[in-house]
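The values are calculated or read from the model by the stated rules, or taken from the named source; none is laboratory data. As the structure is a computational prediction, the values presented were derived from the model and not from experiment. Backbone-built Cβ (ideal geometry, glycine too); neighbour counts: all protein chains shown. Remember, those area values only see protein heavy atoms, side chains included, never the ligands or the DNA or RNA. Shrake-Rupley method; radii C 1.70, N 1.55, O 1.52, S 1.80 Å.
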Amino acid sequence: MSTTHTRLRHGIDLVYVPKFADLLARQPELTARLFTDAERAYCDRLPNPVPHYAARFAAKEAALKALGLGISPTGVDPKLKDIEVVRRGTAPHLTLHGKPAEHAQRLGVADSTVSLTHDGDHALASVIMVTKEAS
Amino acid sequence: MANSLVTRERIDQEVRAALATTLRIDANGIGMEQSIINDLGATSIDFLDINFRLEQVFGIRLASQLLLDHVEEELGEGTAIDRDNKITAGAAALLREQFPEAESIKAGIYADEVPAVVTPGSIATAVEKIIAHLPDACPACSAASWKSDDSTKVACGGCGKDAEYPDGDELTKRWIHDMQREKQLFANA
């Protein structure tokens, strides 16, 4: 008889907003390379989009950590854009595409949750994934 | 030598400068074999900056994907990382070819341990491999002479157009297939 084990995977990331703002100012194409159309539409309608972009970038990195892939040392890793933060009502949700989605499936990720916050110079994201493993 | 106009010494110098500026540390204190993450304290945002600076300086595009991602894309899902998030024997062997100094790389380590093997030296080697592909002649005007005013960015000696190199992702993919043909590191690929 097989049993199902539930395991939690957690990732967290903190972004220094002024540093991220400087990057976006020097690399204007960065938003299109890192963020989906929906993410940009959400952030760009706000009076100050940068902290929201920073929080979403933190969520992408937190998701990579939760997936056990660690931080991305290659610059604009296409996996980052494949990790999308979407709004449902007032709450953010994580949607995975491409390689992150394939990797999550391989690990048996059944559900995930993301939480974002920012205040002043810092933006933070926490991602929890639940895996179901048969044994 | 990377090509006759851009030396490895010049590349090392620019890598140190990019790291020093981004991380706000002394360039002279940076060892080429130090882990950029574990020893120099870089975060993912820092890599966005470091790579961008080097791409601007040399007029190149560095690989945007990790070797492990390229292996899975080229040779199939599960060839580099197993269901337990550990790297396969084939991936470990390939990583040791790319990072010969990284003794921590072995089959069975977790995938999230791999980014720590990136060093100033490995980034300089990545730059060097790209600019070694300077074409014999300018694709725009066919002139067979190149020049560089600053020993970093190369331009055609005839029409003045900046040299165009294959990007790092393209070169990595070619290298994976060459290594697989030569060494058969991935048995089921």
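Hydrophobic long helices, here whole DSSP H runs in chain A with Kyte-Doolittle means of at least -1.0 and Cα atoms spread over 18 Å or more along the helix axis, are found at A:50-66.
Each of B:31, B:85, B:48 was placed along the dipole of the range B:19-94 (beta-carbon charges, centred on the mean Cα), and the one lying farthest toward the positive end is B:31.
If R₀ is 45 angstrom, what is the calculated FRET efficiency for the pair residue A:105 and residue A:22, using the beta carbon separation as r and rounding to 0.05?
0.80
Taking a label point 7 Å from the Cα of residue B:132 along the Cα→Cβ vector, which residues of the range B:1-25 have an amide N closer than 11 Å to it? Only B:1-3 fall inside the zone, counting backbone N under 11 Å.
Computed about the Cα centre, the dipole magnitude for the range A:37-81 is approximately 60 debye when only Lys and Arg (+1) and Asp and Glu (-1) carry charge, each at its Cβ.
At an R0 of 30 angstrom, the distance between the Cβ atoms of residue B:150 and residue B:38 translates into a FRET efficiency of 0.40. Which of the trypsin sites (Lys or Arg not before Pro) found in the range A:17-76 are loop residues per DSSP with 10 or fewer other Cβ atoms within 10 Å of their Cβ? When the trypsin sites (Lys or Arg not before Pro) of the range A:17-76 are filtered for loop state and at most 10 Cβ neighbours within 10 Å, A:45 remain.
At most 16 other C-beta atoms within 10 Å and a DSSP loop state: those are the exposed trypsin sites (Lys or Arg not before Pro) I care about. Give me the longest piece of chain B that has none. That would be B:25-82. When the accessible areas of B alone and A alone are added and the area of the pair subtracted, with a 1.4 Å probe, the result is around 2700 Å², both sides summed. Distance between the 7 Å Cα→Cβ label points at residue B:161 and residue B:110: 4.9 nm. Normalising the average separation of contacting C-alpha pairs (under 8 angstrom, six or more residues apart) by the number of residues puts the relative contact order of the range B:11-129 at 32 percent.
Across the range A:109-119, computed HN-Hα scalar couplings (Karplus, 6.51 cos²θ - 1.76 cosθ + 1.60, θ = phi - 60°) run 5, 9, 7, 8, 9, 10, 10, 10, 8, 8, 7 Hz from first to last residue, x flagging Gly and Pro. If a paramagnetic tag sat 7 Å from the Cα of residue B:184 along the Cα-Cβ line, which residues of the range B:54-82 would have the backbone N under 11 Å from that point? Answer for this model: none.
Springs join every pair of Cα atoms under 10 Å in this Gaussian network model of chain A, and among A:111, A:13, A:82 the largest mean-square fluctuation is at A:111. Taking amide H as placed 1.01 Å from N in the peptide plane, the amide H of residue A:75 sits under 5 Å from that of B:48, each at least 5 places away or on another chain.
Relative to the Cα centre, the charge distribution of chain A, modelled as +1 at Lys and Arg Cβ and -1 at Asp and Glu Cβ, gives a dipole magnitude of about 220 debye.
Based on the alpha-carbon gyration tensor of chain B and its eigenvalue square roots a ≥ b ≥ c, which shape applies: rounded if a/c is under 1.5, prolate if not and a/b is larger than b/c, or oblate?
On the way: a/c = 2.47, a/b = 1.36, b/c = 1.81.
Taking the square roots of the gyration eigenvalues as a ≥ b ≥ c, chain B is oblate.
The amide H of residue B:42, built 1.01 Å from its N in the peptide plane, has B:37 as neighbours under 5 Å, considering only residues 5 or more places off or on other chains.
Does the range A:51-118 come out rounded, prolate or oblate, given a ≥ b ≥ c as the square roots of the eigenvalues of its C-alpha gyration tensor, rounded meaning a/c under 1.5 and, failing that, prolate meaning a/b above b/c? Oblate, since a/c reaches 1.5 and b/c is not below a/b. When the other protein chains are added to the chain by itself, burial of at least 20 square angstrom of heavy-atom accessible area (probe 1.4 Å, ligands and nucleic acids ignored) affects these residues of the range B:83-130: B:83, B:85, B:112, B:115. Pairs of Cα atoms in the protein assembly as shown fall into 10 Å distance bins, from 0 up to the last occupied one, in shares of 6, 24, 31, 25, 11, 2, 0, 0 percent.
Highest GNM mean-square fluctuation among A:91, A:125, A:104, for chain A modelled with Cα contacts below 10 Å: A:91. Estimated purely from DSSP H runs of n ≥ 4, each contributing -39500 (n - 2.57), the mean residue ellipticity at 222 nm for chain B is -13000 deg cm²/dmol once divided by its residues.
Once you keep just the Cα pairs under 8 angstrom separated by 6 or more residues, what percentage relative contact order results for chain A? Numbers along the way, then the final one.
Details: 240 pairs, mean separation 53.5, N = 135.
In percent, rounded to a whole number, it is 40.
This model, with +1 at the C-beta of Lys and Arg and -1 at the C-beta of Asp and Glu, gives the protein assembly as shown a dipole about its Cα centre of some 580 debye. Here is the short version for the protein assembly as shown: A:43 have no other Cys C-beta closer than 4.7 Å. Choose one answer from A:120, A:75, A:98: the residue with the largest mean-square fluctuation in a GNM of chain A with alpha-carbon springs under 10 Å. Largest GNM mean-square fluctuation: A:75.
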